[in-house]
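Structure, as structure tokens:
Readers should treat all values here as calculations from the given coordinates under stated rules, not as data from a laboratory. The structure presented is a predicted model; accordingly, all values stated were derived computationally and were not measured. Here Cβ is always computed from backbone atoms with ideal geometry, including for glycine, and neighbour counts include all displayed protein chains.
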């Protein structure tokens, strides 16, 4: 499943925004044991567990959008939309903070 979050941030600020969003996300949802690992300058991998099932996804930075891709097993598809909504809300919150100048490296 793929979902795009639109943004109008410069590349370095978009990356910082995603970093802060994912830090916040992992702290708030620690019970799902999330791990995040940058695999390139533009892509990070996310891994977490729900009800003993591992879920993996990627977040890719593009010039005008942040692409979220999550592989959701069939038995957990009912949670797919909720998972995307939670990640998108976190990213949107941090995009707003970035636009207000509240982020510093």
Taking the Cα centroid of the stretch 46-105 and of the stretch 5-25, what is the distance between the two, rounded to the nearest whole Å?
11
Rank-order 71-79, 87-95 by packing density, defined as the average count of other C-beta atoms within 10 Å over each peptide's residues, highest first.
87-95, 71-79
Which angle between 0 and 90 degrees, to the nearest 10, do you get for helix 80-99 versus the longest principal axis of the chain when only C-alpha atoms count?
10
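Report relative contact order for the chain in percent, whole number only (criteria: Cα-Cα under 8 Å, sequence separation at least 6).
For the chain, the relative contact order is 35 percent.
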Order these peptides, 35-42, 12-19, 52-59, by their mean beta-carbon neighbour count within 10 angstrom, highest first.
12-19, 52-59, 35-42
Grab the DSSP H runs of the chain that are 4 residues or longer, score each as -39,500 (n - 2.57), total them, divide by all residues and round the 222 nm result to the nearest 500 deg cm²/dmol.
-12500 deg cm²/dmol
If you bin every alpha carbon distance in the stretch 2-96 into 10 Å steps from zero, what whole percent lands in each bin?
16, 54, 26, 4
